[in-house]
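Okay, structure first, notes after.
Nothing in this text is a laboratory measurement; each read-out follows from the coordinates by a stated rule. This structure is a prediction, so every number in the text was calculated from the model and none was measured.
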Amino acid sequence: MPKTYTLAILADTCTTCVNNSILRYTTITANSHNEACTLAAQIGALICGWRVAA
């Protein structure tokens, strides 16, 4: 079942998240957590949360 994931798009990508600032939030729909993680990594974002898509 697809889930809607909330992503935080980061201003800068570094190894420690504590130093990053968030540019904006966006949502995506993905069929798996791995799919969402792959997309987040491609755009320099972190997954903040998810819920089952309505």
Checklist entry - Between Ala53 and residues 5 or more places away or on another chain, which pairs have amide H atoms under 5 Å apart, with H built 1.01 Å from N, and which residues are they? => result Lys3, Thr4
Item to check | Using θ = phi - 60° and Karplus 6.51 cos²θ - 1.76 cosθ + 1.60, couplings along the stretch 28-44 (whole Hz; Gly, Pro as x) | outcome: 9, 10, 9, 7, 8, 5, 4, 4, 5, 5, 4, 5, 4, 5, 5, 9, x
Checklist entry - Leu7's amide H: which non-local residues (gap 5+, or another chain) put their own amide H closer than 5 Å, with H modeled 1.01 Å from N in plane and none for Pro or chain starts? => result Thr26, Thr27, Ile28, Cys48
